[in-house]
Each structure stands twice: as structure tokens, then as C-alpha cells.
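J.: Below is a structure I'd like to ask you about.
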Amino acid sequence: EANAPFGFYLGDSSNWKTPAGPFQMSSLGGVVVSRGVDYLAQEDARQLTWQGGALGVAKMLTQRSVDVTALGAVSDLTLSLTYRLDAAASDAVQLSMTCGDNCAAELDIRKHLNAEKLGVWQVLDVPMSCFVDAGLNPSKVQAPWSLQTQGTLSLSLYDIAVKRGGQGSCP
């Protein structure tokens with residue numbers, strides 16, 4: 001569940017911005033399916049499954065852009081994902097942050113994901129500087145995270161946040 005002012009959305013070519021509530025649902029064309037799964041409490045995490053064959057996206061958006069540098073210097077910030085890989089990625093998986101039209105940064109995390117064990121909860125920390133180097137304007141973030149692939153993939157997400165610190169490197 002996304003915390004205000006953010007909303008959680010699923011998308012595919014039928015509709016790139018279908019609101020995703022706490023119950024099982026899918027993007028309009030059925031490319032991405034989201035359902036509640038248990039991590040620390042009942043259904044406190046979301047399992048996202050991409051069916052493959054077409055581009056599908058899961059993302060968090062806000063109506064007004066957010067300045068993540070209010071949290072600290074870019075060099076001190078990390079995008080942190082607590083996740084469990086349930087089925088390996090069959091194609092590139094873009095982890096991105098957007099800052100408006102033609103303003104985005106995409107990082108392919110397929111190699112990282114597929115190097116991990118299936119079914120184990122873990123944390124992926126990606127330094128904010130990786131996104132800035134790839135084109136993100138950190139003072140105008142509209143989507144603090146987005147995951148998209150044309151292939152098959154299943155992963156469960158418990159927490160995604162921009163945090164201070166972290167031990168990550170660019171994927």
C-alpha cells in the first residue's frame with residue numbers, strides 16, 4: 001500500500017496507469033498481476049507477476065513532484081527495496097525513477113535479481129547518484145520507483161523507500 005501523497009499503479013499498453021488497491025488485481029491488459037502476500041504480517045507485501053509477451057509496469061506516482069534532496073545530499077541517499085524474488089526475470093528489468101516528461105533514469109537490474117536465491121527476503125540498495133547519473137532530476141521526482149519488463153518475472157515487495165545511507169552500488 002502506497003503512503004500519501006503517492007499512489008500505486010499497474011500498467012500495460014491498454015492503460016499505463018491503472019490504480020492498484022490492496023486486493024488482487026491486474027493491469028487492464030492482464031500483463032501484470034498484483035496480490036497480497038505475507039512477510040511480517042498478513043498481506044503486508046505485494047507479489048507482482050509479469051506474464052511476459054508485452055511491456056508491463058508497476059509504479060508509484062505522485063500528483064506533484066517531490067524534492068528528494070530535502071532528505072539529504074544525493075551522495076547520501078539510497079533507493080532501498082525490501083523484496084523476495086519468486087521467479088527469475090526472462091528479460092531486462094528496468095528499475096526507474098521519473099521526473100516528468102522526457103525526464104527519467106532507468107537501470108537494468110535483471111543481472112542483480114537473477115543472481116539472488118528464489119524465495120529469500122532481502123534488500124537492494126541503489127545509490128541515488130546512479131539515477132542522477134542516468135538523467136534523473138532529484139528535485140522533481142514524480143515516480144520514486146517503477147519496475148517494468150517485457151518478459152516474465154515474479155517478485156514480492158515489502159518496502160520501497162528513499163533513505164539516508166545504505167551499502168549499494170549501481171546495478
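The values are calculated or read from the model by the stated rules, or taken from the named source; none is laboratory data. Values in this document were obtained by computation on a predicted structure and should not be read as measured data. So basically every Cβ, Gly included, is an ideal-geometry build from the backbone, and we count neighbours across all protein chains shown. Please note that ligands, DNA and RNA were not included when accessible areas were found on the heavy atoms of the full protein model with its side chains. Shrake-Rupley method; radii C 1.70, N 1.55, O 1.52, S 1.80 Å.
J.: Given the condition under 23 Å from G36 (Cβ atoms), open to solvent by less than 50 Å² (accessible area, probe 1.4 Å) and among the aliphatic types (A, V, I, L, M), answer yes or no: does some residue in the range 134-144 qualify?
T.: Checked the range 134-144: at least one residue is under 23 Å from G36 (Cβ atoms), open to solvent by less than 50 Å² (accessible area, probe 1.4 Å) and among the aliphatic types (A, V, I, L, M).
Yes/no per residue for (1) closer than 18 Å to V57 by Cβ; (2) touching a residue at least 40 places away in the same chain (Cβ under 8 Å); (3) open to solvent by 50 Å² or more (accessible area, probe 1.4 Å):
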site: F8; (1), (2), (3): yes, yes, no
site: P22; (1), (2), (3): no, no, yes
site: L28; (1), (2), (3): yes, no, yes
site: L40; (1), (2), (3): no, yes, yes
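J.: Please go through the range 145-167 and pick out each residue that is open to solvent by 30 Å² or more (accessible area, probe 1.4 Å) and not in a strand (DSSP E or B).
T.: Matches in the range 145-167: Q150, G165, G166, Q167.
J.: As an exercise: evaluate G72 against (1) closer than 28 Å to G36 by Cα; (2) touching a residue at least 40 places away in the same chain (Cβ under 8 Å); (3) small (G, A, S) and give the number of the one condition it does not meet.
T.: Every listed condition holds for G72 apart from (1).
J.: Could I ask something else about it? Any residue in the range 95-123 that is open to solvent by 70 Å² or more (accessible area, probe 1.4 Å) sitting within a Cβ distance under 8 Å of a residue that is of a type in the set (A, V, I, L, M, F, W, C) and in a strand (DSSP E or B)? List the pairs, counting only those 6 or more apart or interchain.
T.: Once the first residue is open to solvent by 70 Å² or more (accessible area, probe 1.4 Å) and sits in the range 95-123, its partners that are of a type in the set (A, V, I, L, M, F, W, C) and in a strand (DSSP E or B) give E106/L95; D108/L95; K117/L85; L118/L85; L118/A87; V123/L81.
J.: Do we find a residue being open to solvent by 10 Å² or more (accessible area, probe 1.4 Å) and part of a loop (DSSP other than H, G, I, E, B) anywhere in the range 55-63?
T.: yes
J.: Right, here's the next one. Residues being part of a strand (DSSP E or B), under 14 Å from Y83 (Cα atoms) and either open to solvent by 90 Å² or more (accessible area, probe 1.4 Å) or not hydroxyl-bearing (S, T, Y) (or both): count how many of those fall in the range 42-54. Steps first, answer last, please.
T.: Quick first cut of the range 42-54, residues part of a strand (DSSP E or B) only: 45-51.
Subset that is under 14 Å from Y83 (Cα atoms): 45-49.
Right, trim to either open to solvent by 90 Å² or more (accessible area, probe 1.4 Å) or not hydroxyl-bearing (S, T, Y) (or both) and you get 45-48.
Looking only at that region, the number is 4.
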